[in-house]
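A.B. asks: Questions regarding the structure given below will be posed in turn.
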Amino acid sequence: MAADAVTALVTTDLTVGGMTCAACVNRVEKKLGKLEGVTATVNLATGRARVSHPAGITPEELVATVERAGYTAALPEPPGEQRHTGGEDDGQARQQGDGQDRDRQEGDRQERDRLLVTALLALPVLVLSMVPGLQFRNWQWLCFVLAAPVAVWSTWPFHARAVRGLRHAAATMDTLVSLGVVAAFSWSAYALFLGGAGEPGMRMPFSWVLSAEDGTAAHLYLEAAVGVPLFVLAGRFLEARARRGTGAALRSLARLAVKDVTVREGGSERLVPLGQLTVGQVFVVRPGERVATDGEVVEGGSAVDLSLVTGESEPVEVGPGSAVVGGAVNAGGLLLVRATAVGDGTRLARITRLVTEAQAGKARAQRLADAVAGVFVPVVLTLAVTVLGFWLGAGAGPQAAVTACVAVLVVACPCALGLATPTALTAATGRGAQLGVLVGGPQALEGLRHVDVVVLDKTGTLTSGHMTVARVTAVPDGLGEEAVLRLAGAVECGSEHPLGRAVVARARLAAGQGRLPEPSGFRAEPGRGVRGRAEGRLVEVVAPDGALPAVLADALAGAEAAGHTPVLVRVDGVPEALIEVGDVVRAGSYRAVDRLRRLGVRPVLATGDREAPARAVASALGIDEVHARCTPEDKAALVRDLQRQGHRVAVVGDGVNDAAALAGADLGIAMGGGTDVAVGAADVTLVRGDIEALADAVRLARRTLGTIRTNLVWAFGYNAVTVPLAMVGLLTPMPAAAAMSASSLLVVGNSLRLRTWQPSPTGRPGR
C-alpha cells in the first residue's frame, strides 16, 4: 500500500505569498522538492505553485512546507469549480474573490504611494550628496532628516522580508537591499554624531578611491541609503504594472457560467444553485439565457450561439436530441435540456484545466534565471564579509574596512537587473499601443524568438466575426434586389435569429433614409425560416428547397462553395432572390498573412467552422494548411503536435475556444475585440483588432527582446566589473552609488529607445 501511495501522483495548486524575486521562486521549489516524490513549478507572476506529489502527502503538508520556507501558502479554490459549490458556499466564494481583488488594488495603491513619497525624500539627498557645489551649511543634517524615513519606512518591506528569510537561512535580493541600506545609513549616522561629519561647515568631496587610513572626518553615504530603495521600488513598481492582468484568463472563465438554473420536475419549475444540478435532471433555457451545463435537448427548438465555446458566429439550429454545451447562449425559443455532464466533466471545466496547466508550464523557461538568482545573493554576501575581514586583517582602519564592505553591497545591488525587463516592457507597451499592439510580458518575447508557425483562428481573427449579407442574387425581370431586400427586411424585423438580424441590417442600409414597411402576420418556423405580410404581399424568408430558377440555383452552388448560409426569399409564392449570409474576410488579412511569410513564419488555419467556409477563407488568403471543425481540445492538441515536431508555435485567436491553445503556445496573440478569456490567456493582444498589426507585433516583440538582452548583458557586465573594483578599494560607496545609478539610467535609456521604434514599411503588398 505504501508503494502504491508513492507511485500514485496527484497535482495540487497552491497560492504562494511573499515572493519578490527569482531567488524566492528557487527557494520554494527546492523546499517542496525535498519532500519524497514531490516536484514543484512556481510561477512568480501569478503567485501560483503547481505541485505533483504522492497521494500519501496531503495538501496541508505542502502548505506547511512552504510556510517553513518563510512564505505564506493557501489552497485556492480553482476558478473552474467555484461555481459548482452551490448556495451559501458559492456566495462566499464570490465574496472571497471580490475581497482578493480589493486587496490587490489596495496593495497596488500602497506601493505607488510608497514610491512617490520615497522619490520626494530621496531626490534632494541624491543631488546634494553627489554635487559638492550645491552643499550649503548644515546640508548633511537636512539630508539625514530626509534619509531617515526612507531608510526605515520606505525600506521596511525589504527589512521585514530579509529578516524572515534569515530566520529560514535564506538570502534573496531583499537581503542585499536591506543590508546595503542599513550599513550605509548606520555608518552615516555614526559619522554625523561621532565621526566629525556633523560639523556645520562640513563639505563632502567626490572621491573614487578608498584610502586605507581613516581621515579626519568619516564620510557620509546617505545617497546610497536613499538611492538603493528608490531605484528598486521603481523597478518593482514598473514590473508589477507590466505583469498586471496575469491570471485574468482563469478569472474570466470562472465568470462565464450561470449561478442558478431552473430545474423542471413533475411539471413544476424551481430555481436551484448550479452546484445542486445533477446528471439526468432537466433544466430550462429561455431565450437570451446561457446554457447552464453540457446536455441534450429534450423539447423545443432554437438557434444556439456557440461563439463562446467554438468561436464561430454562425448559430446552430438545435432540436430534440441535439447536444448543447454549457456556456452557449440560446438565441431563439424555449429549450428543455437534460444535463449530461456537470462540474469537472463539462467542456468549460476542461478548457479551464488546459489553461491552468499551460500557464503553469511557462515557469519552466525561467528555471535557469531562478538558479542564477539563487546563487547570486549568497555570493555577494560572502564577498562583502570577506572584504571586511581582509581590510581589517591588512591593518586598515575600521572606516576603510566598513566602507569597502558597504561599497560591495551597494555596487552589487540589483537595480539594473530589476529594471532591465520592466522598463523595456513599459516602453514597448506604450509604443505598441500606438501601433495597435499590447505586449503582455517577457514570456511573450522569449516565446517569439524562434516562432516559425502561426496558428490562425478564422472567425473574429481573419474574418469580421459578424454575420453579414455577403451577396444578393435577384431573379431577372423580377421585383429587383432593392424591393426584395425591403420586403425581406420588413418581415425579419420580428425575428431574433442572427441571420434575420443580418438581413434587416442590409435592408436598412439599402433603404437609406427610408423606413421599412410595417409587417403583419409574422410567424417563425424553427429550423426553416419566417413568413409574414408586407405591403400587402406574402413574404417568406426560408431555407432553399425544391426547384429554383437557374440563376438562383447557380447562386446556391456558389454560396455552398464559399461556406455562406443561403436563404430564399419568396414573394406570393414566387422565388425572387437568394440572400447569402456569412462572415466576411477582414480587410488587411491577406497583407497580414503575406507579411508573416516574409518573416519566415508559416501560417496554419484552425477553426471550429465547417470545412467549406474554412477552405474558402484559406484559399482567399493563400493558406495551404487547414484544420476545420476543431474543438478547443483539438486546437490545443494541434499546438502540442507542432511543438513535438520541433516548431515554435504562435496562436492568434479571439474566443474562449482559443484560450487553451493561446495559453499552451509558445506565443499567444489575442484580438483586442475578443473575449476576456482569450485576452487574458494571450501574451500579446492586438488592441485595435487590426489583423495587419500582427506582423508589427512580431517585429516589435523581437526588437524588445533584443533590448532586454542588451540590458541584461549590461547589468551583469556592470557587476562583473564594479564588484572587483569595490573589493580592492578602487570604488568607494559614493561613486558606487553613482555607478549603480548610471547603470540603471543606461538601462532605462536603452529601453526608452523603443518609444521611437517604427515598423518596417516594406512587405506591405497590395493584392
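A.B. asks: With only Lys, Arg, Asp and Glu charged, each at its Cβ (+1 for the first two, -1 for the last two), find how big the charge dipole of region 256-341 is about the Cα centre; round to the nearest 20 debye.
C.D. replies: Value, rounded to 20: 300 debye.
A.B. asks: Gain in length, Ala547 to Val127, computed as 0.36 nm per residue apart minus the alpha-carbon separation, to one decimal in nm? Please report the intermediate quantities before stating the final value.
C.D. replies: On the way: separation 420, 0.36 × 420 = 151.20 nm, distance 8.89 nm.
The span from Ala547 to Val127 would gain 142.3 nm if fully extended.
A.B. asks: Then there is this: Along the charge dipole of region 256-341, pointing to its positive end and built from +1/-1 on Cβ of Lys, Arg, Asp and Glu, which listed residue (Pro287, Pro315, Gly266) has its Cα farthest out?
C.D. replies: The residue sitting farthest along the positive end of the dipole is Gly266.
A.B. asks: Counting pairwise Cα distances across region 486-531, what percent come out greater than 16 angstrom?
C.D. replies: Details: 319 of 1035 pairs.
For region 486-531, the share of Cα pairs beyond 16 Å comes to 31 percent.
A.B. asks: Sticking with this one: How big is the Rg/Rh ratio for region 137-208, C-alpha atoms only, Rh by Kirkwood, two decimals? Don't skip to the answer; put the middle values down first.
C.D. replies: Numbers: Rg = 14.8 Å, Rh = 13.6 Å.
Using only Cα positions, Rg/Rh for region 137-208 is 1.09.
A.B. asks: Another question, if that's okay. How high is the FRET efficiency between Phe136 and Lys259 when r is their beta carbon distance and R₀ equals 60 Å, given to the nearest 0.05?
C.D. replies: 0.35
A.B. asks: Provide, in order from the shortest bin, the percent of all Cα-Cα pairs of region 26-65 in each 5 Å bin, continuing until the bin that contains the maximum pair distance.
C.D. replies: The percentages, shortest bin first, are 6, 25, 38, 22, 8, 2.
A.B. asks: Report the local net charge at Trp139: Lys and Arg +1, Asp and Glu -1, summed over other residues whose C-beta lies under 13 Å from its C-beta. List each step's numbers first, then the result.
C.D. replies: Working: positive: Arg137, Arg203; negative: Glu199, Glu223.
So the environment of Trp139 carries a net charge of 0.
A.B. asks: Okay, next question. Determine the percent antiparallel among the DSSP beta bridges restricted to region 256-341, to the nearest 5. Walk me through the intermediate numbers first.
C.D. replies: Numbers: 25 of 25 bridges.
DSSP beta bridges in region 256-341 are roughly 100 percent antiparallel.
A.B. asks: To the nearest Å, what is the center-to-center distance of region 456-533 and region 114-133, using C-alpha atoms only?
C.D. replies: Rounded to whole Å, the Cα centres lie 68 Å apart.
A.B. asks: Beyond 23 Å, what share of the Cα-Cα pairs of region 468-582 is found? Please give it as a whole percent.
C.D. replies: 18
A.B. asks: OK, next. If R0 is 60 Å, what FRET efficiency do you get for Asp13 and Asp477 from their C-beta distance, rounded to 0.05? Can you show the working numbers first?
C.D. replies: Working: r = 69 Å, r/R0 = 1.15.
Plugging the Cβ-Cβ distance into 1/(1 + (r/R0)^6) gives 0.30.
A.B. asks: Here is a further query. Run the simple label-point estimate for Leu336 and Ser619 please: 7 Å along Cα→C-beta, distance reported in nm.
C.D. replies: Inter-label distance under the simple model: 4.5 nm.
A.B. asks: Magnitude of the Cβ-charge dipole of region 560-671, K/R +1 and D/E -1, about the Cα centre, nearest 20 debye?
C.D. replies: Here the size comes out at about 620 debye.
A.B. asks: Another question, if that's okay. Any lysines with Cα under 29 Å of the Lys259 Cα? List them, leaving off those in the same chain fewer than 8 positions away.
C.D. replies: Here the lysines satisfying the reach criterion relative to Lys259 are Lys635.
A.B. asks: Give the Cα extents of region 546-611 along the principal axes, in whole Å, largest first.
C.D. replies: Rounded to whole Å, the extents work out to 56, 21, 18 Å.
A.B. asks: Okay, next question. Could you estimate the translational diffusion coefficient of region 256-341 from the Stokes-Einstein equation, with Rh from the Kirkwood formula over C-alpha pairs, at 20 °C and 1.002 mPa s, in whole µm²/s?
C.D. replies: Working: Rh = 12.5 Å.
The estimated diffusion coefficient comes to 172 µm²/s.
A.B. asks: Which length gain, in nm to one decimal place, applies between Ala64 and Asp554 when the Cα-Cα distance is subtracted from 0.36 nm times their residue separation?
C.D. replies: Here the segment from Ala64 to Asp554 would lengthen by 169.2 nm.
A.B. asks: Okay, next question. Considering the options Ala490, Thr473, Gly500, tell which one lies farthest towards the positive end of the dipole of region 461-529, charges being +1 on Lys and Arg and -1 on Asp and Glu at the Cβ, about the Cα centre.
C.D. replies: Among Ala490, Thr473, Gly500, the one farthest towards the positive end of the dipole of region 461-529 is Gly500.
A.B. asks: What FRET efficiency do you get for Thr72 and Val584 if R0 is 51 Å and r is their Cβ-Cβ distance, rounded to the nearest 0.05?
C.D. replies: Details: r = 52 Å, r/R0 = 1.02.
The pair Thr72/Val584 has a calculated efficiency of 0.45.
Every read-out reported here was derived from the displayed coordinates using simple, explicitly stated rules and does not represent laboratory data. Computed from a predicted model, the values in this text were never measured in an experiment. Reconstructed Cβ throughout: ideal geometry from the backbone, glycine too, with neighbour counts over all protein chains shown.
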